[in-house]
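Chemist: Can you keep this structure in mind? I'll have questions shortly.
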Amino acid sequence: MSDRRQTPGYTVVLPHVDLPAMEREILAFWQDNDTFARSLAQTEGGEPWTFYEGPPTANGQPGVHHVEARVFKDVFPRFRTMQGRHVLRKAGWDCHGLPVEIAVEKELGFNGKGDIEAFGVAQFNARCRESVERHVGEFERMTERMGYWVDMSAAYRTMDPSYVESVWWSLKQIFDKGLLVQDYRVAPYCPRCGTGLSDHELAQGYETVVDPSVYVRFPLTSGPYAGTASLLVWTTTPWTLVSNTAVAVRPDVTYVTATDGVETLVVADPLVGQALGEGWTVVDRFAGAEMERWRYQRPFDLLDWPAGADGHFVVLADYVTTEDGTGLVHQSPAFGADDLAVARSYQLPVLNPVKPDGHFADDVREVGGLFFKTADKTLVRDLEARGLMFRHLAYEHAYPHCWRCHTALLYYALPSWYIRTTQVKDALLAENEKTTWVPENIKWGRYGDWLHNNIDWALSRSRYWGTPLPIWVNDQDPSQRVCVGSLAELGELAGRDLSGTDPHRPFVDDITFTKHGVPGTFRRVPEVIDGWYDSGSMPFAQWGYPHAEGSVETFERAFPAAFISEAIDQTRGWFYTLMAVNTIVHGRSSYENVVCLGHILAEDGRKMSKHLGNILEPIPLMEEHGADALRWFMAASGSPWQMRRVGHGVLQEIVRKTLLTYWNTASFLTLYADANGWAPGGEVPAPAQRPLLDRWMLSELNRLVSDVTAAFEVFDTQRAGRLLASFVEDLSNWYVRRSRRRFWAGEPAALATLHESLATLTLLMAPIVPFVTERLWQDVVRPVTHDAPESVHLAAWPQADGALVDPQLREQVALVRRLVELGRAARAASKVRGRQPLGRALVGAPGWATLPEELRREVADELNVLAFEPLSSAAGELVDHSVKGNFRALGKRFGKDTPTVAAALARADAAALAQSLRTTGTASVLVDGSPVTVSPEEVVVTETPREGWAVETAAGETVALDLTITPQLRRAGLAREAVRLVQEARKASGFEVTDRIALRWSADGEAAAAIEEHGAAIAEEVLARSFEKADLLGAEGPVHRDDGLGLAFTLTRSQQ
RNA sequence: GGGCCUAUAGCUCAGUUGGUUAGAGCGCUGCCCUGAUAAGGCAGAGGUCACAGGUUCAAAUCCUGUUAGGCCCA
């Protein structure tokens, strides 16, 4: 690989590293050694842990948000693989759908379906296919660079014939169950272009227009007001009154009858004034629910009502509002989605007198042949002539128009194919019940709510690039329909070999067949299906199930998935279709655990968009900071299930705080192991024989193993990341820092402890940051471990050794670190620099008395003090005591008397109380005149010395420093000062940390005395072979001087 | 209009089963330390924990409502 120094032991890790360059080397290493495939081969016999890849739509460039889900799709499979599970990872690409078509239309400069038809569907679809293949390449590069291990060579593509045939097979299952049906669907529709519009298209075409606003009387013919009152109905589309079917009211709204003395009208109570104006008196009030099925006389009699069909009565609907109009909404199911839904629930007919070109059918009386909008005038005149018009105004509002030709759109019922998911709603809810959602609230919230409000799945699309709906209809008797489950089956029906036929439009459109003895020809319906159905079919279609050889076995082994993960927008998308398709086809959902991620925002908190210019592209981002940094961010920064901002700042911080700290700890290990010729495997004391600090580190390590494992088991990468980061911090900034001298000396226990910690840490971090852990595995673990696997990703997940976990030691080291913090604060406040040794410190803290001497020395060392005395040993009159209640403990025992007891404690004689607690373990206070006994856990006693000390105290713990500096202490301080100057000079002269030196020095007075007194110690500390006082006049090499200390010296590299 | 999420320091975010000085990192200022580190330590500035009620001896935490932002659906 690069210029690394090989030694018999470790490969020395240099402190400075170019992480992105290192990652490229690792990618080559994995490729050369086929590591991913080996990890699968190695776990072949293991219990499967099934993962499904939700196929990204291969449309447009991959973005940073694609990295997010892909990190999760990689972390858990890597984790499970290390645990010995067999985790198949088959890539997939979603190829069909409107987004692809729109992108191609844009490339070709097209302007709608007419252009596509003129261009030719075959050529158009070929362009779509080409576009998909182009974008798949970009996704593959991003996937590769980020280290997402997924088998792209065997990727499923939803446009592949075997995939399409498998989807056909599943549709046939649904068709045979009677759940795939044709019905009407109301959608925005342009009568001039003859096409439906998507929501996206709709949004860009609103124009302000003036429409008639009419209030029309519908005389009641049944119910309590039959013949005496009329419903008052408001609409801005008089032309839809021709096909009026019902009037909707809201069941929980109060309605009234009101009269002006001449007539009586029914309106919603809140709208009486607004709808009727002045001069009306309310006669009666009733709930909307009471009005159900009151019949009325329909406004126009221009259409023949279908024989046997009901209609023209009041229906109940929750979508009715009392914001405008009259609270009574005219229903025309062919021209409103809400109307259609209501009509379905009341089994009302769908009458559509308007032809697809926007003109009334010729056989409609009076307005036959008129354009729908033009008919308004005629109809309004007619209503006025018959006395049904209550009020007629001009109404200005935004109305959707075709963005291409500016024709007013109409909401129009088009025949459409549905899957009756409402009929399997209970099964879906039951499947959801069995599913584990992360985060949990999605299950009952966003997703559960969606299931509860389930509506039938509108499956068909009047488009070109999609899985063709495999239904052939008899052109003479449309009730005869055949759903085809494969090309072979179609070939049999058509009487010719169709294998090798592209199962897309227009090729399948050309295939027709007849049935013996049945008049008419079967022709395919023109629609393709929703691309979401394709992706929902992936559990079986990715194997070509059931047609492809071996697909049945493969499918059954890998169904359902243990784990899937996508962003939150997939609740209504893939999470739903995956559950819905498989619940209908296979009788159960296809996943057990689902991790649902929040969205990724730009650094400015907004969505990334070209328009805003705040896009971060994934590959450049990874080339700048490294894929590991981006992966760590995705897995562990903030809450992955909430939306998060990504930017350079946060990635730099991850690199500096976590990845480089980890790296440099390894670098430190190899530096001193190399310097001392040490490698693991030799004589090393057993953990129990090692110093307490080592045992503490190993205790933390084994805790970490179980905690991180537990976090991964419940898919909590955030927690795993926090645990790992704080371990790295402890290892580097406490364990290594505190143990430096032992490393300089090459002490096996220290080196072994650090090695063991790093080796295990590397395994634990491998799923999240596979690159840097691989590098260190190769340099720090593999060369010194005779049976080490070739890659960290082929290694087994570590097991915690509970015997090494020592909770008491954990507490004690935590105390040590708190005391060090207090001591440092005291020093900072006293302005005595850390290099100046102090004679003694007083410590007052629960737990100090039992703290092992070894750990007390840690405190002494950090604070540079020579000795300790317990605060409590100082005579009472030198120490102030204060006592405070521990509310947490008191609250449990005293409940609502807690404040009283706390107040009593605060009033009590603190010194006596402390004394009693110290000697007898309990103390007594008077609460409301009666004595109450408290334990040490229930009070916080703080002891502070009165005078002459530098004191810091917190939460009942005190450190006090004796600031008296004797001449002896001063000389020791000067010696330390001299050491620092020499070390600085060593560094400035570019010496290696292991170089021996010859030192010549000169000084006067106290400095000279200090250096002579501590000469041997100084020499040892700075690795001086020779250490002599000399006249430096005319000395060779540069003379280092420090005027403050009055010291001058030269140093030269000593040979051996 | 409905469902869900979010609101804590200038910024990014922690904050366990409610417990009395609300934390960390980044950034800023000053000082200190340095035989690994792009590091580290101490101190300072910076908070009415969105708002209003309620429950409780005790609320950032539980409940209700409001406001603002986001996502999805109508």
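Chemist: So, with a 1.4 angstrom probe, what is the percent of accessible area on the range A:458-500 that is carbon and sulfur?
Modeler: Answer for the range A:458-500: carbon and sulfur cover 44 percent of the accessible area.
Chemist: Order A:T326, A:T760, A:T436 by their accessible area, 1.4 angstrom probe, all chains in place, largest first.
Modeler: Numbers: A:T326 0, A:T760 30, A:T436 65 Å².
Output order, biggest surface exposure first: A:T436, A:T760, A:T326.
Chemist: Between A:K425 and A:D787, how high is the FRET efficiency from 1/(1 + (r/R0)^6) when r is the Cβ-Cβ distance and R₀ = 45 Å? Nearest 0.05.
Modeler: 0.20
Chemist: I'd like the GluC sites (Glu not before Pro) in the range A:213-293 restricted to DSSP loop residues with at most 12 other Cβ atoms within 10 Å, sorted by number. Provide the component values of the computation, followed by the final result.
Modeler: On the way: sites: A:E263, A:E278, A:E290, A:E292; in loops: A:E263, A:E278, A:E292.
Here the GluC sites (Glu not before Pro) that fit, given the DSSP loop and packing criteria, are A:E278.
Chemist: Let me ask something else about it. Across 20 Å bins from the origin, how do the percents of Cα pairs in chain A run, short distances first?
Modeler: Histogram of Cα-Cα distances, whole percents per bin: 10, 28, 27, 19, 13, 3, 0.
Chemist: Evaluate the charge dipole of the range A:494-540 about its Cα centre and quote only its size in Debye, nearest 20, assuming +1 on the Cβ of each Lys and Arg and -1 on the Cβ of each Asp and Glu. Could you put the intermediate results ahead of the total?
Modeler: Values: 5 positive and 7 negative charges, 57 e Å.
In total the dipole reaches around 280 debye.
Chemist: Once label points are set 7 Å from the Cα along Cα→Cβ at both A:Q476 and A:A998, what is their separation, rounded to one decimal in nm?
Modeler: Roughly 11.7 nm, to one decimal.
Chemist: Further question on the same structure: Remind me, relative contact order of the range A:436-485 in percent, using alpha carbon pairs under 8 angstrom and six or more residues apart? Walk me through the numbers on the way to the answer.
Modeler: Values: 21 pairs, mean separation 9.6, N = 50.
The value is 19 percent.
Chemist: Taking a 28 Å limit on the Cα-Cα distance, which of the listed pairs A:K987/A:K1029; A:K657/A:K987; A:K657/A:K884; A:K177/A:K515 fall beyond it?
Modeler: A:K657/A:K884
Chemist: With all protein chains present, how much of the accessible area of the range A:917-1016 (probe radius 1.4 Å) comes from carbon and sulfur, to the nearest whole percent?
Modeler: 50 percent
Chemist: By average Cβ neighbour count within 10 Å, what is the ranking of A:699-711, A:850-862 from highest down?
Modeler: Result, highest mean first: A:699-711, A:850-862.
Chemist: Show me A:92-103, A:488-499 ranked by packing, highest mean number of other Cβ atoms within 10 Å first.
Modeler: A:92-103, A:488-499
Chemist: Okay, moving on. Run the paramagnetic zone check for A:V209: 7 angstrom along Cα to Cβ, then residues of the range A:217-254 with backbone nitrogen under 14 Å.
Modeler: A:236-240
Chemist: For the range A:426-549, what's the relative contact order in percent, using C-alpha pairs closer than 8 Å and at least 6 residues apart?
Modeler: 27 percent
Chemist: Quick one: length gained pulling A:T281 to A:E549 fully straight, 0.36 nm per residue minus the C-alpha distance? Before the final figure, lay out the partial values.
Modeler: Working: separation 268, 0.36 × 268 = 96.48 nm, distance 7.85 nm.
Length gained between A:T281 and A:E549: 88.6 nm.
Chemist: Then there is this: Return the inverse of the average 1/r over all pairs of distinct C-alpha atoms in the range A:332-491, which is the Kirkwood hydrodynamic radius, in Å to one decimal.
Modeler: The answer is 20.7 Å.
Chemist: Here's a follow-up. Please report the net charge: other residues with Cβ closer than 12 Å to the Cβ of A:G358, K and R +1, D and E -1.
Modeler: +2
Chemist: Using a 1.4 angstrom probe with every protein chain in place, what is the largest-first accessible-area order of A:Y533, A:Y346?
Modeler: Sorted by accessible area, descending: A:Y346, A:Y533.
Chemist: Please give the charge dipole size of chain A, origin at the Cα centre, charges +1 on K and R Cβ atoms and -1 on D and E Cβ atoms. Round to the nearest 20 debye.
Modeler: 1320 debye
Chemist: Give me the net charge for the shell around A:S332: Cβ to Cβ below 12 angstrom, other residues only, Lys and Arg +1, Asp and Glu -1.
Modeler: Numbers: positive: A:R298; negative: A:D338, A:D339.
Its environment carries a net charge of -1.
Chemist: Considering Cα pairs under 8 angstrom that are at least six residues apart, work out the relative contact order of chain A and quote it in whole percent.
Modeler: RCO, chain A: 11 percent.
Chemist: How much area per residue is accessible in chain A when the probe is 1.4 Å and only protein heavy atoms are counted (Å²)?
Modeler: 43 Å²
Chemist: Then there is this: A:V650 accessible area, nearest 10 Å², 1.4 Å probe?
Modeler: A:V650 has an accessible surface of roughly 40 Å² with all protein chains in place.
Chemist: Explain nothing, just compute: Karplus ³J(HN,Hα) = 6.51 cos²θ - 1.76 cosθ + 1.60, θ = phi - 60°, for every residue of the range A:567-576 in order, whole Hz, x for Gly and Pro.
Modeler: Values, residue by residue: 7, 4, 5, 7, 4, 8, x, 5, 4, 6 Hz.
Chemist: Quick one: with all protein chains in place, what share of the accessible area of the range A:581-719 is carbon or sulfur, to the nearest percent (1.4 Å probe)? If you can, show how the numbers build up before the last one.
Modeler: Details: 2700 of 5510 Å².
C and S fraction of accessible area: 49 percent.
Chemist: What is the calculated FRET efficiency for A:D497 to A:W444, with r their C-beta to C-beta distance and R₀ = 41 Å, to the nearest 0.05?
Modeler: Computed FRET efficiency for A:D497 and A:W444 comes out at 0.20.
Chemist: Ok, one more. Could you sort A:256-262, A:1045-1051, A:107-113 so that the peptide with the highest average Cβ count within 10 Å comes first and the rest follow in order?
Modeler: Highest mean packing first, the order is A:1045-1051, A:256-262, A:107-113.
Chemist: I need the per residue convex hull volume for the range A:216-278, using only the alpha carbons, in cubic angstrom as a whole number.
Modeler: Taking only Cα atoms, the range A:216-278 has a hull volume of 108 Å³ per residue.
Chemist: Once fully extended, how much extra length lies between A:E592 and A:T933, figured as 0.36 nm per residue of separation less the alpha-carbon to alpha-carbon distance? If you can, show how the numbers build up before the last one.
Modeler: Working: separation 341, 0.36 × 341 = 122.76 nm, distance 5.41 nm.
Residue separation times 0.36 nm, minus the Cα-Cα distance, leaves 117.3 nm.
Chemist: For A:D1031 and A:H516 in the same chain, what is the full-extension length gain: residue separation times 0.36 nm, less their Cα-Cα distance, in nm?
Modeler: Working: separation 515, 0.36 × 515 = 185.40 nm, distance 12.08 nm.
Fully extending the segment from A:D1031 to A:H516 adds 173.3 nm.
Chemist: Which percent, to the nearest 5, of DSSP beta bridges fully inside chain A are antiparallel?
Modeler: DSSP beta bridges in chain A are roughly 75 percent antiparallel.
Chemist: Right, here's the next one. Starting from the residue with the highest accessible area, list A:K515, A:K892 in decreasing order, probe 1.4 Å.
Modeler: A:K892, A:K515
The values are calculated or read from the model by the stated rules, or taken from the named source; none is laboratory data. What you are looking at is a predicted structure, and each value in this text was computed from that prediction instead of being measured. Don't worry about glycine lacking a Cβ; one is built from the backbone with ideal geometry, like all the others, and counts go over all protein chains shown. When the accessible area is computed, the model is the full protein with side chains, heavy atoms only, and any ligands, DNA or RNA have been set aside. Shrake-Rupley method; radii C 1.70, N 1.55, O 1.52, S 1.80 Å.
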